[in-house]
Structures are given as C-alpha cells and as structure tokens.
Amino acid sequence: MSPFSVDLTERILASVPIAVGVLSGEELRVVYGNRKAAALFGIGAEAIGRRFEDVFPQVQQSFLALIRRVLRSGEAVALSTFESVTLPSGTTAYFELELQPIDTDGDGSVDAVVVMVQDVSSYVDLRREAERRAQEAEEARKALAESKARLRLAIRPAPISLCNRDRELRLTWLCKGESAQTPASLLGLTPEDLYQPEEASALREFYRPVLERGESAHRLLRFTDPDNGCDRWVELYAQPLRDDGGEVIGTSCAGYDVSDLVRTREALAERESLLELAMATARMGEWEYDLKTRTLRHSRNLARLYELPENATETPLRDLLARLHPDDVAGYCAVFQQALRDGSPTVYAEARTVLASGEERWIASYGLIQPADGRRPRRMFGVALDVTDQKRETRQLAQRNHELERFAQLVAHDLRSPLMTVQGFGSRVLRSARERLAETELSWFESMLGACRQMGEIIDGLLNFALAAHGETPHVPVDLQQVVAQVLERLEGTISAVRAEVNCGPLPRVRGQPVLLTQALQNLISNALKFHDGRAPRVDINAWPDKDGWVIEVRDNGIGIPPEHQPQLFAAFARAHADRGYPGIGLGLAFVKSVLERHGGRIWVESKVGEGASFRFWLPAAEPVQETASEPVSDARCDSSIQLPSGSRTKDTRAV
C-alpha cells in the first residue's frame, strides 16, 4: 500500500465515530487505536505495545477470552446486543461490538484482531425513558381502575420503537418489536415516504427544535394505520445526535403506541359526562372523605345539592356541616362515628340541608368505608341523594294508611252495630215466640240469624284483611313454637271435635308482628282441620332453613285442592270448595298472603285431590341460620306438653 493510501486510511479511521483498535498475539498487545478508541479505552499512541488489560484494566475477562477465541479460530464475531462497560472515566457505557481476525505479516495465519466498537448509550437512555413512561402508564391504569370503583379498565402497553434520523429526517436506524416490514425496507425513508402529508408536516414540526436548537422534544401525535385506516396515537420522545464536535447531525427518537390509553381516557371522559348527567337528573352527587387528611372531595352535583360554591370539588368538612339543619348535625355525625367504631363496611345517614331560600331538603348519604390493609379505615366514599320527595311520599302514604285503618274500623263498627241490633232482636223474638211459630217460620228466623252471623264474619274478615295490609306495627323476634302452642290451645275444641292428630316439629324464631303471624298460622291450621272427608284429620307442622330465612310447612291429609283452583287460591273471596258446603267466606288465605308479603315473605301450595295439601311459606330469620337440610326431618318426635281432651292427639317434635 502506498504511503498516501496508508495515511488516508489512518485519517479515515481517526475520524469515524466508531472506536477501532488492533490487538495482537495471545497477550493481546495494542498495535493500533484510533481517536475514538483512545478517548473511550485509553488505546492511544502511548498504549502501543502494551497489553490491552494493562491499558484498560476495567475490561471483563469474558471479553478477553472472546478476543482470543477469534484469534485462534479465525472466525469473526459480531455482538448486536448491548454490553455494559465501565470506562476509565468511571462512567458506564453500552456498545455494539464486532471482532475481525487479520493477518498483519502476510504469512497466512491470524495474528491479530480488529476490535470495532460503536457507542449506543444514547439508545439505551431512550429505551429506559420509554420504559419509564410505559411504567407510568401502567401505574396510571391502576390508579384509574381504583378511583372509579365502579369502572374497572385494562390498558395494554403498546410496543416501543426506537429510531435514528439524519438532519434530512431520513431513517438511519430502526428497532421496532412488531413491524410488518423489515427495518432494511424502511431505512433512508423520510416522513413524506411513510405518512400522509399532514402527518409528515406535524412530524417535521416536532423534530424542528431538536435539529435547529439541539433541544429535547416530547409530543403526542396521531397517525393513520395503513393496514386498517384507524387512528393510532403515538407518544414521541426525541433527543439530538451530535458528532465529536458537538454539532447536531440527527435525532434519536423513542415512541410508544398509546392508542388504547387515549381511547380509554376518551371513553372514560364520555362515561363520566353521562354519569354526571344521570346523577344530576337524579339529584345525586359523589363524595370522598380522606380520614387521615380530613379532606372532602366531591362532584359538582353534590355542590349543587348543598348550595356550595359553584364548581367546587373540594370543601372543608366544617363548611358542609354548616349547610345542615342545626338539629340534625349531631345525629348525622354520630352515625358516621358509630360506623367507624363498629368496623362497619357501609354507612347510611340522613340530614336536612337548609337552602338559601329557606327551603329544607332531605339529603341521604350512602357510603363505603375502605380499610387500610386490615388496619384502621383510611377513607370513605359514596353518593348523596336528595330524598325529599320520597320522604314526603312516605309521610303521605303513612297518613293514608292510618286514615284507611281508621276508615276500616269505623266502617266495621257502623256495619256491625245495626247487624247486632237485627241479630239481638231476632234472637229475642225467636226465644219468646218459638212455641207459637210454625216450623217454616222458625226456619226463616234461623236463616236470618245465620245470615247475620255470616255477615259478622265477613265484616271481621275485611277488617283483619285491611289491618294486615296497612297496619303499622314494628317487627320483633317471634318464637313460632310459642305461637303454634297458642293457636292449638285456641283450637282445642275443634281438634277434639274432629278427633284430629296434630304433630309439631321444632320451629324457629323469625322477625315479625306476633298478632298477625298468630292469626295467619291459625287460619292455615284451621283450614287443615276443616277440609277433610270424614277421616280423622292429621296435621304436620315443620320448618327448615332456607338461605337467610325459614320455610314453615303446614301439611294435612284432607281432600286436597283441584289444580284449576290453585292459581287463584290466595285471592280475596276465592273458595275452592264452595260447592261442597264447607263454611267460610274466602278471606282466610288472602289474609295469610297479605301478612306474609308484609313481612317480606311468600307462600305457596302443593296439593293433589284426595291426598291432602301442603302450605309452605318463607319468612326471614330473627338471627343467622345454618342450613342443615332442605326438607323437614319428621321421624324424631316426643310428646307435647300441650294437654288436649280425650279423643284428640297432638305431638311436639321440637329438638332436644
């Protein structure tokens, strides 16, 4: 090679931004190092002839072993992965490496290795920045899912792309994890070659401060996906690339697809707008109270409910309490304090707020208390609802029910009074003139008195039916075992007359109104004793748990109920056996159904003609129940403590 060529080669190697060095022999002594190698590893003119590990003691032994392997095998090695190297300056850098075997003396054997190193630390920094942003997006996703405890979202991080562009914005390097095209097919292309005109223009505007002023840039840009024509949102981060003289020669950019995140945020904003509209229509507002910082945050709708400052979203608690009626503040606060002391997961409180006009509005607050990892609660959140109209309607309904109850009592009294007069005078006439009346006239009087008694039963039935549907008696724990015992004592005469056998299993405690439940069970047991075909009636009373309540069964061996009559059996004045001469006015089962519905229960019947009937009803339990069986166990019984006259039997199968 001519001196001119050697000199030119050395000048070229000295100017390239790649560190080039030549290591010779097993000891890997430095034969050559260009300017970049001297700057990075200390392989300059003063290092010629010295061992590489003496010049650059930070070198890893695995790297030296790799160079010796190339020296012995004569095969080149290229490392495209990033390698961490500690430089003499103490900083850590990342490189792409290539090792080439060479023959320096021309004898045909490999006696040296050319080491070529490219510094890619800036790419690593960009990748880390992109990964940091991806981590921030993931954290934002988790925070978003928690804040609207009502809307759970999942945001998948988009693939990250890294690229370098020169000053004309031609692609010089690209690393894209999910690319339909190979990077080689994209190298050298400009934004105008890849994107639509307005997108290319926006991209050039994004890179302008990077190339002209050497500044970093960050922007969210929208692009059209060439595969499906859909919009794709990409968050871009760009830094300038500089040569050894500090001049900007291009830009390095990292971008990641945040389309899912953008669409999710848009959808969330839309849903929040719809939710805010719906809550405003329903006169509802959201609130959140931090128990540690004592900060109350709320929606604008809640501010409107309490007439707080317009568009306020954070209000001191004392300012909100000042909007409440003075008589309600203490009780309102006590409800929340009691819920916190009890460890309750929910809270409900009502209080009046006084508007500027002087109008009082009832506001109900429904809240959830969120614990802090099993420790003391840290925050509460929920909704506030204007329940003024419901309160007014409830009062009006209670007043109407009271008026209806009074009306029923007055009507019953007004109807019963003349009826008793007719019945009384008729009985007196019958007693005084019985000997003088003909048999036909006696039957007329008896029919009249029978009709009076039946009319009295109808009046009593209507009054009880009205009270069952509209009475206002509080619910208390009721022991059904005692209720049935009372009913059987009342029906002692009937049980003896028909020589019935009554078996009673263990019965539970339920919540209800003792008088109404007693009358309901008396109606069911009376029917079981009434509707028989001459055989001695048998009545079995049992109970078993079902979910958070109890099923109670009254079963008989009577005449049964035809299928066509069962759907209307619980309607008022419905009588399945009116044509067979059984007494009654058809209000007994309607009364039972009304009582059970008022207790939050239900009733149904299972029956076949000639095989008896089974009336079953469900009532909520007075205390938590443990389900042990879905049907009654009736083979373990003991004698009842209730004593009946000779000719009748009853058994009580309550558990020991």
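The values are calculated or read from the model by the stated rules, or taken from the named source; none is laboratory data. Remember, predicted model here, so these are calculated numbers, not experimental data. Using ideal geometry, Cβ is built from the backbone for each residue, glycine included, and neighbour counts are taken over all protein chains shown. Quick note on the areas: whole protein, heavy atoms, side chains included, nothing else; ligands and nucleic acids left out. Shrake-Rupley method; radii C 1.70, N 1.55, O 1.52, S 1.80 Å.
For residues that are in contact (Cβ under 8 Å) with a residue 12 or more places away in the chain and either surrounded by fewer than 20 Cβ atoms within 10 Å (Cβ to Cβ) or on the phi > 0 side of the Ramachandran plot (or both), tally how many sit in segment 530-543.
First pass over segment 530-543, keeping only residues in contact (Cβ under 8 Å) with a residue 12 or more places away in the chain: 530-533, 535-543.
After this cut, where a residue has to be either surrounded by fewer than 20 Cβ atoms within 10 Å (Cβ to Cβ) or on the phi > 0 side of the Ramachandran plot (or both) as well, the list is 530, 532-533, 535-536, 538.
The qualifying residues number 6.
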Requested in this report: Identify, by number, the condition in (1) of a type outside the set (A, V, I, L, M, F, W, C); (2) closer than 24 Å to residue 131 by Cβ; (3) not in a helix (DSSP H, G or I) that residue 207 doesn't meet.
Outcome: (3)
Query raised in the report: Condition test on residue 111, is it of a type in the set (Asp, Glu), farther than 30 Å from residue 220 by Cβ and at pLDDT 75 or above?
Result: yes
Requested in this report: Would you confirm whether any residue within segment 351-364 is within 14 Å of residue 383 (Cα to Cα), in contact with a Gly (Cβ under 7 Å, 6 or more places away or on another chain) and either among the charged types (D, E, K, R) or part of a strand (DSSP E or B) (or both)?
Outcome: no
Report summary line: Considering residues that are farther than 17 Å from residue 367 by Cβ and open to solvent by 40 Å² or more (accessible area, probe 1.4 Å), the number found within segment 307-328 is 13
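Per-residue answers, yes or no, for (1) touching an Asp or Glu at 6+ places or on another chain (Cβ under 9 Å); (2) open to solvent by 10 Å² or more (accessible area, probe 1.4 Å):
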| position | (1), (2) |
| --- | --- |
| 493 | no, yes |
| 503 | yes, no |
| 510 | yes, no |
| 550 | no, yes |
| 557 | yes, yes |
| 562 | no, yes |
| 569 | no, yes |
Query raised in the report: Can we say residue 304 is open to solvent by 60 Å² or more (accessible area, probe 1.4 Å), in contact with a helix residue (DSSP H, G or I) (Cβ under 8 Å, 6 or more places away or on another chain) and part of a helix (DSSP H, G or I)?
Result: yes
Query raised in the report: Residues in segment 346-359 that are more than 20 Å from the chain's Cα centre (by Cα), surrounded by fewer than 12 Cβ atoms within 10 Å (Cβ to Cβ) and free of Cβ contacts under 8 Å to residues at least 40 places away in the same chain: how many?
Result: 3
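Hey, can you tell me all the residues within segment 234-278 that are within 30 Å of the chain's Cα centre (by Cα) and in a strand (DSSP E or B)?
In the first step, residues of segment 234-278 are kept if they are within 30 Å of the chain's Cα centre (by Cα); the result is 257-278.
Within segment 234-278, just 257 meets the criteria.
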Report task. Looking at (1) modelled with pLDDT under 80; (2) surrounded by 13 or more Cβ atoms within 10 Å (Cβ to Cβ); (3) of a type outside the set (A, V, I, L, M); (4) more than 53 Å from the chain's Cα centre (by Cα), find the lone condition where residue 402 falls short. Result -> (4)
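Please pick out the residue among 483, 498 that is open to solvent by less than 50 Å² (accessible area, probe 1.4 Å) and modelled with pLDDT of 90 or more. Full working, then the answer.
Values: 498 fails: modelled with pLDDT of 90 or more.
Only one candidate qualifies: 483.
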